[in-house]
Amino acid sequence: MKHNYLSNIPLKEAVEKFLSCLKDVGTSYKTETVETRRANGRTVAEAVYAKRCSPHYCACAMDGIALKAGLTAGASESSPVLIKKEDFTFVDTGDPLPDGADCVVMIEEVTENSDGSVMLYSASAPWSHVRQIGEDVSAGDMIAPSFTRVTPSLIGAFLAGGVFELTVTKKPVFAIIPTGDEIVDAQSEVKSGDIPEYNSAVFSAMLSEWGAESEVYPITPDDPALLEAAVKKACEVCDGVIVIAGSSAGRDDYTSSVLEKLGKVLVHGLAIRPGKPAVLGCIGKVPFIGVPGYPVSGIIVMENIVKTVVSLLTKIPVEDAEKISVTVSKRIPSSLKYHEFVRCRAAVVGNKTVAVPMGRAAGIVSDFAKASGIVEIEQNSEGVEGGERLEMTLLKSRGEIERCVCVIGSHDVLIDELSDILARGEKPFCVMSANTGSMGCITALRNKEAHLGGIHLLDAESGEYNKSYVKKYFPNGGVTLVKGIGRIQGFIVPKGNPKQLEAIEDLRRVSFVNRQRGAGTRILLDWLLGKHGISIDEIYGYTREEYTHTAVAAAVACGSADCGLGVYSAARTYDLDFVPLFNEQYDFLVSNEAFEHDGVKAFLAALKSEEFKRRLKKLGGYDFKNAGEIILEV
């Protein structure tokens, strides 16, 4: 069966159309009664009125003496007033005000005499230091209007007012139905072609944050009859239905056709990326959302559409996410057809917040977890240029972004280890790293878009690392080259080195996986190829690019490449063999202005630490002698 998109509707229009339809068919919140003590975070479904006064008696507000205020008239430092013991009563805070008394004098202002009388040196006004009946709340007063979110302090107010049960909006339950023949339980042993199912866990957590609950159904194969049965069952017991995957236009995509058979399709296809193949509709009063199977696409649809449906069912308003102004570090191209959501990592560098665009693949959920925020590119735009200012919707707190050390440049797993050391410090900092290669580090520091970065650039003429590049690209100074580590570059190969690779010439007969342009490893490879008279056209896979050493190792480990060039620690991580080829120096290029940043200070201190050395020894393949020393300052 073949399905076509019904629309390419803008997001705002789709949400308005969806919510309008739900209200028309009577989709609404439900209520339940809960104990006031257990109601924190819930939403009251109706106005709450006090059933008693608080306090319900005139109460002493201080420790001291209770008496008639008139007896204190004229009291002063120069002319104190004597109060006989039968004319006052000692009281503690919270005691009922004795009959006949109308004020309390603090004990600190009372001077006791040996005969039991007291002297007062200042006059008191009637009802001073007395909590009168209903001072907090009076019976019949409205404590909270409808749809107020219950807070700890409100719980206190309700109990003080004699309200021990509350009618609240019931937490809606959403059925989550994962689909697909290739989908397997995330905790099962996966084989080639299996896709672990974890979207349901992500979506359940999101629903929980928004005040809803979820019931995850068993994985449904790509069979329209089975999907129809699961959706029917869900509609009988749940307040909303989310079907994961099957919403696109492929031969096994049945979500829209099942919805069309059981209810009403409102929208199939949104003008957003990621997230285009979403399906919106209803079955009776039950909202139905077909969410794309790619994790990032699904998260975008959940955040921008499902969240509004939850709000309709809980009466918890959708709060506008915090936004900040950022400077994008590089051009972000965009299609005219879509409103695009671009994940970014961000850090404060100098006097601006720099946002570094991340990978845009809809299936990379780890990027979403690491992202600082999202910038949006409007529909009918061809994108934005590097250096432009945009608004970024925060996924991390502003404080976390301000604590970030921005590390842009060559990849090495040691950056992750330094990041963890900083996170565990007495004053924690985070590391925002982007793997752009050594030349990417130089570009970022020239544009003042990073604090520092990894660099390992070989000068083909002198055989020296990094210094000549620093002098060439920073003729006016402004940076410092800090010694990092020595490391070994070599062939990452399967266990046992089945192709018997020994030298650079052997690349002519194998499948290779390369690093990206601008990476120091790529520059090293090109130098080695030139040195041995080997054309790039002779290497199958030269144009296949990965952005990290671990990604290269992963490609070799899964058998999609016979060999890659990388560092020993990456090979060891994947239990692969390693053929050493070249010793190189991996250093850090630091902006001189960044030396005042507390996080950068912590990063450089960690570079010299015994903990860092211990971790590198465990990884293997590193020489950390004199790490952290200044090599060159320009």
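The values are calculated or read from the model by the stated rules, or taken from the named source; none is laboratory data. Just so we're clear, the structure is a prediction, and the values are computed from it rather than from any experiment. Here the Cβ is made from the backbone with ideal geometry for all residues, glycine too, and neighbour counts use every protein chain on show. Note: areas computed on protein heavy atoms with side chains; ligands, DNA, RNA excluded. Shrake-Rupley method; radii C 1.70, N 1.55, O 1.52, S 1.80 Å.
Send over the Kirkwood Rh of the stretch 1-141, from the inverse of the averaged 1/r over different Cα pairs, rounded to one decimal Å. For the stretch 1-141, the Kirkwood estimate is 20.5 Å.
Cross-link partners of LYS613 among lysines, defined as those whose alpha carbon lies under 28 angstrom from its own and excluding same-chain residues fewer than eight positions apart: LYS370, LYS427, LYS467, LYS483, LYS495, LYS601, LYS625.
How much area per residue is accessible in the stretch 53-157 when the probe is 1.4 Å and only protein heavy atoms are counted (Å²)? Walk me through the intermediate numbers first.
Details: 5760 Å² over 105 residues.
Computed with neighbouring chains in place, this is 55 Å² per residue.
Placing a label point 7 Å from the Cα of SER28 along the Cα-to-Cβ line, the residues of the stretch 129-152 whose backbone N sits under 20 Å from it are 145-149.
Along its first, second and third principal axes, ordered by size, the stretch 235-300 spans 31, 23, 19 Å in Cα coordinates. Only aspartates and glutamates eight or more places from LYS51 in sequence, or on another chain, were considered; those with a Cα closer than 18 Å are GLU35, GLU135, ASP136, ASP141, GLU165.
Of the solvent-accessible surface of the stretch 451-603, computed with a 1.4 Å probe over protein heavy atoms with every protein chain present, carbon and sulfur atoms account for 47 percent. Taking 18 Å as the straight-line reach from the Cα of LYS68, the lysines in range (excluding those fewer than 8 positions away in the same chain) are LYS84, LYS85.
Counting other C-beta atoms within 10 Å, and keeping those with at most 11, which DSSP coil trypsin sites (Lys or Arg not before Pro) do you find in the stretch 224-291?
Numbers: sites: LYS232, LYS233, ARG251, LYS261, LYS264, LYS285; in loops: ARG251, LYS285.
Here the sparse-neighbourhood loop sites are ARG251.
The LEU336 and THR93 beta-carbon pair, evaluated with R₀ = 41 Å, returns a calculated FRET efficiency of approximately 0.05. Counted residue by residue at 0.36 nm each, then reduced by the alpha carbon distance between them, the extension gain from GLU385 to GLU461 reaches 23.8 nm. Restricted to Cα atoms, the stretch 191-258 shows a radius of gyration and a Dmax of 13.0, 38 angstrom.
Find the percent of Cα-Cα distances in the chain that exceed 51 Å, and round it to a whole number. Show your work: numbers first, answer last.
Values: 67514 of 200661 pairs.
Tail fraction, whole percent: 34.
Would you mind getting the accessible area per residue of the stretch 175-220, heavy atoms of the protein chains only, 1.4 Å probe, in Å²?
Working: 2470 Å² over 46 residues.
I get 54 Å² per residue for this part.
One-quarter of the Cα convex hull surface for the stretch 100-157, in nm²? Please list the in-between numbers first.
Numbers: hull surface 27.9 nm².
Averaging across all directions leaves 7.0 nm² for the Cα convex hull.
From largest to smallest, the equivalent ellipsoid semi-axes obtained for the stretch 304-385 from the alpha-carbon gyration tensor read 25, 17, 13 Å.
Which value, in Å², gives the accessible area per residue of the stretch 566-620 when a 1.4 Å probe is used on the protein heavy atoms?
On the way: 2610 Å² over 55 residues.
For the stretch 566-620, the solvent-accessible area averages 47 Å² per residue.
The convex hull drawn around the Cα atoms of the stretch 385-487, when projected onto a plane and averaged over every direction, covers 8.4 nm². Which residue, chosen from ILE65, VAL118, CYS21, occupies the Cα position most advanced towards the positive end of the dipole of the stretch 1-138, where the dipole is computed from +1 (Lys, Arg) and -1 (Asp, Glu) charges on Cβ about the Cα centre? Of the candidates, CYS21 comes out farthest on the positive side.
Just the projected area, averaged over all directions, of the convex hull on the alpha carbon atoms of the stretch 156-209: how many nm²?
On the way: hull surface 23.3 nm².
About 5.8 nm², averaged over all directions.
With a simple spin-label model that places each label point 7 Å from the Cα along the Cα-to-Cβ direction, the separation between GLU610 and VAL81 comes to 7.3 nm.
Counting protein heavy atoms only, the stretch 94-200 has 51 percent of its accessible area on carbon and sulfur, 1.4 angstrom probe.
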